[in-house]
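Please read the structure below before turning to the comments.
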């Protein structure tokens with residue numbers, strides 16, 4: 001299971017994110033194209049998906065739409081250097097949980113992702129405890 005899937009076409013930015021998140025103890029898988037993200041979702045469970053809005057093969061909003069079809073409980077975060085209010089609203093209506101404008105502070109991102117992962121673990125631990133009771 002990948003805790004976080006990053007879909008980012010800019011190699012240096014994607015590698016920087018991956019490196020920083022792994023240094024923080026987070027399991028990360030990095031892809032460069034939207035179609036790779038779709039293939040990955042077919043095989044793996046993803047807790048958080050960080051999706052770039054501008055990808056070479058598919059628009060990030062369209063990618064979000066495709067990934068939501070898998071009916072997972074994945075948390076979706078859209079990130080872009082080209083953010084507009086309209087695009088943010090559109091992403092949120094389609095089920096994005098967050099919309100980040102690049103550049104963003106990596107420490108803030110790590111804190112946000114760690115909080116999401118911790119909340120997810122607590123949620124599932126509570127479900128397991130209820131099932132055992």
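Brief remarks follow.
- When residues of the range 16-27 are limited to those that are in contact with a strand residue (DSSP E or B) (Cβ under 7 Å, 6 or more places away or on another chain) and in contact (Cβ under 8 Å) with a residue 12 or more places away in the chain, the one surrounded by the fewest Cβ atoms within 10 Å (Cβ to Cβ): 27
- Qualifying residue in the range 39-48 (condition: free of Cβ contacts under 8 Å to residues at least 40 places away in the same chain and surrounded by 13 or more Cβ atoms within 10 Å (Cβ to Cβ)): yes
- Just one of the listed residues (84, 74) is under 14 Å from the mean Cα position of the chain (by Cα) and either surrounded by 15 or more Cβ atoms within 10 Å (Cβ to Cβ) or without any contact (Cβ under 8 Å) to a residue 24 or more places away in the chain (or both), and it is 74.
- Residues (in a helix (DSSP H, G or I) and under 14 Å from the mean Cα position of the chain (by Cα)) located in the range 37-66: 37, 38, 40, 41, 60, 61, 63, 64, 65, 66
- Test: residue in the range 64-71 that is touching a helix residue (DSSP H, G or I) at 6+ places or on another chain (Cβ under 6 Å), surrounded by fewer than 18 Cβ atoms within 10 Å (Cβ to Cβ) and modelled with pLDDT under 95: yes
- Answer from 60, 95 - the residue that is surrounded by 11 or more Cβ atoms within 10 Å (Cβ to Cβ), at positive phi and touching a helix residue (DSSP H, G or I) at 6+ places or on another chain (Cβ under 8 Å): 95
- Total residues in the range 87-108, condition in a loop (DSSP other than H, G, I, E, B) and touching a residue at least 12 places away in the same chain (Cβ under 8 Å): 7
- Single residue of 110, 106, 127 found to be out of contact with any strand residue (DSSP E or B) (no Cβ under 8 Å at 6 or more places or on another chain), crowded, with 16+ Cβ neighbours inside 10 Å and on the phi < 0 side of the Ramachandran plot: 110
- The set of residues in the range 72-85 that are assigned to a loop (DSSP other than H, G, I, E, B) and either modelled with pLDDT under 95 or in contact with a helix residue (DSSP H, G or I) (Cβ under 6 Å, 6 or more places away or on another chain) (or both) comprises 72, 73, 81, 82, 83, 84.
The values are calculated or read from the model by the stated rules, or taken from the named source; none is laboratory data. Note that the coordinates shown come from a computational prediction; the quantities given were computed from them, not determined experimentally. When we count neighbours, we look across all protein chains shown, and the Cβ atoms used for this are built from the backbone with ideal geometry, even at glycine.
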